[in-house]
Structures are given as structure tokens and as C-alpha cells.
Amino acid sequence: MSLAMKEMGGDVSAAQTGVILTGFVYVLVAASVRFAGTKWIDKLLPPIIIGPMIIVIGLGLAGSAVTNAGLVADGNWKNALVAVVTFLIAAFINTKGKGFLRIIPFLFAIIGGYIFAMLLGLVDFTPVLQANWFEVPGFYLPFSTGGAFKEYNLYFGPETIAILPIAIVTISEHIGDHTVLSQICGRQFLKEPGLHRTLLGDGIATSVSAFLGGPANTTYGENTGVIGMTRIASVSVIRNAAFIAIALSFLGKFTALISTIPNAVLGGMSILLYGVIASNGLKVLIKERVDFSQMRNLIIASAMLVLGLGGAILKLGPVTLSGTALSAMTGIILNLILPHENKD
């Protein structure tokens with residue numbers, strides 16, 4: 001990993017140091033939110049902004065889902081067929097399944113899609129045969145150590161500074177994804193337990209992960225979609241799943257087996273997951289009865305959708321805004337400057 005990044009002209013250790021500092025940025029923002037309160041959220045993020053923002057999060061991932069599913073011009077018909085089968089298994093279990101079966105539709109869909117892909121010859125078991133039964137995952141530490149850890153030196157470089165502005169984007173996504181979860185679960189997570197606590201946890205987790213050689217932590221639209229489909233949002237369930245995942249990471253054969261899952265299977269699942277996220281955005285607009293006969297609302301939603309889904313990129317010095325972050329900021333600014341219309 002370090003060698004690959006150095007060949008591209010970068011230093012992964014310096015980048016990881018940047019991720020550690022990004023976690024501290026989260027902590028500072030969480031502290032400011034704690035003292036400023038959360039009432040500003042309702043004013044800054046009304047339904048006319050939240051709805052399109054959720055739609056952008058879901059549909060912004062649609063391209064990768066379609067590509068993985070093989071539903072492209074030069075796609076393989078086998079991949080497309082596997083994706084369709086995976087999608088239908090998940091869809092039918094979600095609509096017709098009962099009891100425990102309906103709780104884990106994606107697990108059955110992945111297993112069913114994997115078996116179907118195997119029958120079509122799309123699964124390569126070479127990594128499984130070459131892997132060890134037990135092995136320690138590779139760690140890429142962002143520091144050099146002396147004998148017996150008597151001293152260590154963090155790596156700094158241009159990559160360190162380049163990582164920091166990403167916090168603006170990920171914090172925006174954090175707010176957006178927690179807004180989606182609030183709608184799915186019927187609770188205001190930005191107020192209870194509070195945005196300052198969720199940001200604090202995200203930041204600390206990011207710093208600890210990078211310090212141990214792991215990737216940055218961020219909220220994922222994919223996981224939001226899973227919660228929307230399974231209706232399971234228990235913190236204890238997610239915590240136990242994390243412990244199981246850590247234990248399984250030491251089983252070389254198992255991790256290799258996971259890596260053999262064809263992209264087509266994941267693509268079929270993603271079509272459903274990302275669509276659920278976008279549909280929750282529509283649900284917000286309908287539930288809050290946003291009036292689109294008001295030109296103001298129409299302009300805000302239109303600008304957010306086009307910029308968020310059209311691949312727009314705005315560079316402001318070292319900061320690059322695109323996707324959800326650019327869409328959200330556009331909606332917030334328009335909502336503040338556009339005059340309210342007279343309903344009469």
C-alpha cells in the first residue's frame with residue numbers, strides 16, 4: 001500500500017497523519033455545535049433542502065451500482081443476469097418474507113446471487129486456495145518507531161495538509177446521512193443524542209482508526225439504505241456486528257472468500273439500496289407537504305438536483321466541493337437569499 005502510493009508520488013503515512021488531524025477537526029466542530037445549540041439546524045436545513053439532499057445521496061451512487069451490475073453498453077450479459085437475480089431475491093424477500101427471513105434479506109440475496117454467479121463461472125476461488133486459515137491483517141502505521149517503541153515520529157507532508165479540507169465534505173455528508181436516518185427511524189438524531197455527539201464519535205473514531213493504520217471513518221449512504229430496508233437500527237446490533245467483523249478479519253480463508261464476491265452481485269444489491277435512499281428523499285418532501293407550486297421551492301430543488309447529480313465541481317482554493325456537499329451548500333444559500341412568495 002505504501003509502495004503503491006509512493007509510486008504515484010504520494011506518501012500514505014503522511015496522508016494517514018492528515019486523517020488523524022481531520023478527526024481533530026471533527027472534534028472542534030462538535031464543540032462549536034455543542035455551545036451553539038441545534039436550533040439553527042431547523043432553519044438551515046428545512047424539508048425543501050433535506051429532501052433533495054437525500055435524493056442526491058442516493059442517486060449520486062446510482063452510476064456505480066449500474067456499472068457493477070453490468071448494465072452498461074459494453075456489459076457482459078452474465079453479469080447483468082446475476083445482478084437481476086440478486087435484486088429480485090432481495091426484493092421478493094423484503095415484500096413476501098416473514099420472520100427472521102425478512103430481517104436479513106440482503107444476506108440471502110448475496111448468497112443466492114453468489115451461487116448463481118458460481119454456476120455461470122463468474123467466481124474465481126484462487127484467492128481462497130492461496131490464503132492461510134489464520135493470519136494477522138496488515139497494518140500500515142502513520143509513524144516510524146524506535147526500539148521497543150521508545151520513540152515514534154509522525155510523518156508529515158503535503159498529503160497531510162491536502163487531506164484536511166475533506167473534513168468539510170464529510171461533515172456535510174455526516175449531517176445529510178443522519179438526517180436520512182432521522183426520517184427512517186422517526187427520531188431526531190441531530191437533536192438527541194445530538195449532532196455534537198455524533199460528530200465527536202465520528203472524529204474520535206477517524207483519528208483512532210488512522211493511528212492504527214486503518215481508513216478514515218465516515219457515514220455511508222449504503223449503510224443508511226440497509227437500515228432503511230431491514231428496519232434494524234439498534235446500536236447494540238451494529239456494535240456486535242463490528243466485533244464479529246474484527247474477529248473474521250483474522251480468518252484468511254474467509255476474507256479471501258468475501259473478496260471473490262462478483263461485482264455483479266454487489267451491483268444488484270446496490271440498485272435496491274441506493275434507490276431506497278433516494279426514495280426516502282421523496283418521502284420527506286411528501287410527508288412535509290412541500291409546495292412545489294411555489295417557484296422558490298422549485299428553484300431550490302432544481303438547482304440542488306442538477307448540481308448534485310450532474311457532476312458539478314467547485315474549487316475554492318484547497319477545498320473542492322462536489323456531489324452532496326456542493327448540492328447542500330447551494331440549497332442552503334438559495335434558501336437564505338430567495339424571498340418567500342405570497343401564497344395568495
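Can you tell me which residue among LEU334, LEU285, LEU316 is touching a residue at least 24 places away in the same chain (Cβ under 8 Å), over 19 Å from the mean Cα position of the chain (by Cα) and open to solvent by 30 Å² or more (accessible area, probe 1.4 Å)?
Working: LEU285 fails: open to solvent by 30 Å² or more (accessible area, probe 1.4 Å); LEU316 fails: touching a residue at least 24 places away in the same chain (Cβ under 8 Å).
Step by step, each of LEU334, LEU285, LEU316 is checked, and only LEU334 is touching a residue at least 24 places away in the same chain (Cβ under 8 Å), over 19 Å from the mean Cα position of the chain (by Cα) and open to solvent by 30 Å² or more (accessible area, probe 1.4 Å).
Report yes if THR260 is in contact with a Lys or Arg (Cβ under 9 Å, 6 or more places away or on another chain) and on the phi < 0 side of the Ramachandran plot, otherwise no.
Working: in contact with a Lys or Arg (Cβ under 9 Å, 6 or more places away or on another chain): no; on the phi < 0 side of the Ramachandran plot: yes.
In short, no.
I want to confirm something. Restricting to segment 292-304 and keeping residues that are without any contact (Cβ under 8 Å) to a residue 12 or more places away in the chain and not aliphatic (A, V, I, L, M), which single residue is surrounded by the fewest Cβ atoms within 10 Å (Cβ to Cβ)?
Initially, segment 292-304 is screened for residues without any contact (Cβ under 8 Å) to a residue 12 or more places away in the chain, giving 292-293, 298, 302.
After this cut, where a residue has to be not aliphatic (A, V, I, L, M) as well, the list is 292-293, 302.
Values: PHE292: 12, SER293: 8, SER302: 13.
The extreme case among them is SER293.
Just one of ALA109, ALA148, ALA117 is at pLDDT below 70 and assigned to a helix (DSSP H, G or I); which is it? Spell out how you get there, then give the answer.
Details: ALA109 fails: at pLDDT below 70; ALA117 fails: at pLDDT below 70.
Exactly one of ALA109, ALA148, ALA117 is at pLDDT below 70 and assigned to a helix (DSSP H, G or I), namely ALA148.
Against the definition (out of contact with any strand residue (DSSP E or B) (no Cβ under 9 Å at 6 or more places or on another chain), on the phi > 0 side of the Ramachandran plot and touching a residue at least 12 places away in the same chain (Cβ under 8 Å)), how does GLY70 come out, yes or no?
Numbers: out of contact with any strand residue (DSSP E or B) (no Cβ under 9 Å at 6 or more places or on another chain): yes; on the phi > 0 side of the Ramachandran plot: yes; touching a residue at least 12 places away in the same chain (Cβ under 8 Å): yes.
So GLY70 fits the description; yes.
Of the residues ASN76, ASN68, only one is within 17 Å of the chain's Cα centre (by Cα), more than 17 Å from SER279 (Cα to Cα) and open to solvent by 50 Å² or more (accessible area, probe 1.4 Å); which? Talk me through it step by step, then tell me what you get.
Working: ASN76 fails: within 17 Å of the chain's Cα centre (by Cα).
One residue alone meets the criteria, ASN68.
If I ask for residues that are open to solvent by 30 Å² or more (accessible area, probe 1.4 Å), aliphatic (A, V, I, L, M) and under 16 Å from the mean Cα position of the chain (by Cα), which ones from segment 219-241 would you list?
Correct list: VAL226, MET229, ALA233, ILE238.
Between VAL276, VAL237, VAL265, VAL284, which is aliphatic (A, V, I, L, M) and at pLDDT 90 or above? Spell out how you get there, then give the answer.
Numbers: VAL276 fails: at pLDDT 90 or above; VAL237 fails: at pLDDT 90 or above; VAL284 fails: at pLDDT 90 or above.
None of the others qualify; the one that does is VAL265.
Being modelled with pLDDT under 85, among the hydrophobic types (A, V, I, L, M, F, W, C) and open to solvent by 50 Å² or more (accessible area, probe 1.4 Å) is the filter here, so list the residues in segment 83-106 that pass it. If you could, list the steps in order and put the result at the bottom.
So in segment 83-106, the residues modelled with pLDDT under 85 come out as 94-106.
Narrowing further to those that are among the hydrophobic types (A, V, I, L, M, F, W, C): 100-101, 103-104, 106.
Of everything in segment 83-106, those that are modelled with pLDDT under 85, among the hydrophobic types (A, V, I, L, M, F, W, C) and open to solvent by 50 Å² or more (accessible area, probe 1.4 Å) turn out to be PHE100, LEU101, ILE103.
Could you list all residues from segment 100-132 that are more than 19 Å from ASN76 (Cβ to Cβ) and of a type in the set (Ser, Thr, Tyr)?
The answer is THR126, and nothing else.
With the requirement that a residue be in contact with a Ser or Thr (Cβ under 7 Å, 6 or more places away or on another chain), in contact (Cβ under 8 Å) with a residue 60 or more places away in the chain and open to solvent by less than 40 Å² (accessible area, probe 1.4 Å), what does segment 175-191 give you? Write out each step before concluding.
So the first thing to find is which residues in segment 175-191 are in contact with a Ser or Thr (Cβ under 7 Å, 6 or more places away or on another chain), and the list is 176-178, 180-181, 188-191.
If we keep only those that are in contact (Cβ under 8 Å) with a residue 60 or more places away in the chain too, we end up with 176-177, 180, 190-191.
Answer for segment 175-191, where residues must be in contact with a Ser or Thr (Cβ under 7 Å, 6 or more places away or on another chain), in contact (Cβ under 8 Å) with a residue 60 or more places away in the chain and open to solvent by less than 40 Å² (accessible area, probe 1.4 Å): GLY176, ASP177, VAL180, LEU190.
Does GLY214 satisfy the criteria of being among the small types (Gly, Ala, Ser), over 17 Å from GLY281 (Cβ atoms) and surrounded by fewer than 16 Cβ atoms within 10 Å (Cβ to Cβ)?
Values: among the small types (Gly, Ala, Ser): yes; over 17 Å from GLY281 (Cβ atoms): yes; surrounded by fewer than 16 Cβ atoms within 10 Å (Cβ to Cβ): no.
Considered against the rule, which asks whether it is among the small types (Gly, Ala, Ser), over 17 Å from GLY281 (Cβ atoms) and surrounded by fewer than 16 Cβ atoms within 10 Å (Cβ to Cβ), GLY214 comes out as no.
Which pairs have Cβ atoms under 8 Å, sit 6 or more apart or on different chains, and link a residue in segment 230-242 that is in contact (Cβ under 8 Å) with a residue 60 or more places away in the chain to one that is part of a helix (DSSP H, G or I)?
THR230/ILE103; THR230/PRO105; THR230/PHE106; ILE232/ILE103
Answer with yes or no whether TYR220 is farther than 30 Å from ALA131 by Cα and either among the hydroxyl-bearing types (Ser, Thr, Tyr) or modelled with pLDDT under 85 (or both).
Working: farther than 30 Å from ALA131 by Cα: no; either among the hydroxyl-bearing types (Ser, Thr, Tyr) or modelled with pLDDT under 85 (or both): yes.
Spelling it out, it is not the case that TYR220 is farther than 30 Å from ALA131 by Cα and either among the hydroxyl-bearing types (Ser, Thr, Tyr) or modelled with pLDDT under 85 (or both).
Against the condition open to solvent by less than 30 Å² (accessible area, probe 1.4 Å) and modelled with pLDDT of 75 or more, how does GLY194 come out, does it pass?
Details: open to solvent by less than 30 Å² (accessible area, probe 1.4 Å): yes; modelled with pLDDT of 75 or more: yes.
When the stated conditions are applied, GLY194 passes them.
The rows are residues; the columns are (1) of a type in the set (Val, Ile, Thr); (2) open to solvent by 60 Å² or more (accessible area, probe 1.4 Å); (3) in a helix (DSSP H, G or I); (4) touching a strand residue (DSSP E or B) at 6+ places or on another chain (Cβ under 7 Å).
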{"position": "ILE258", "(1), (2), (3), (4)": "yes, yes, yes, no"}
{"position": "VAL265", "(1), (2), (3), (4)": "yes, no, yes, no"}
{"position": "GLY268", "(1), (2), (3), (4)": "no, no, yes, no"}
{"position": "TYR274", "(1), (2), (3), (4)": "no, no, yes, no"}
{"position": "VAL306", "(1), (2), (3), (4)": "yes, yes, yes, no"}
{"position": "THR330", "(1), (2), (3), (4)": "yes, no, yes, no"}
{"position": "GLU341", "(1), (2), (3), (4)": "no, yes, no, no"}
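Does VAL290 satisfy the criteria of being in a loop (DSSP other than H, G, I, E, B) and closer than 25 Å to MET229 by Cβ? If you could, list the steps in order and put the result at the bottom.
Values: in a loop (DSSP other than H, G, I, E, B): yes; closer than 25 Å to MET229 by Cβ: yes.
Criteria met by VAL290.
The values are calculated or read from the model by the stated rules, or taken from the named source; none is laboratory data. These numbers were taken from a predicted model, which means no experiment stands behind them. Heads up, the Cβs are rebuilt from the backbone with ideal geometry, glycines too, and the neighbour counts pull from every protein chain shown. Heads up: the accessible areas ignore ligands, DNA and RNA and are worked out on the full protein's heavy atoms, side chains in. Shrake-Rupley method; radii C 1.70, N 1.55, O 1.52, S 1.80 Å.
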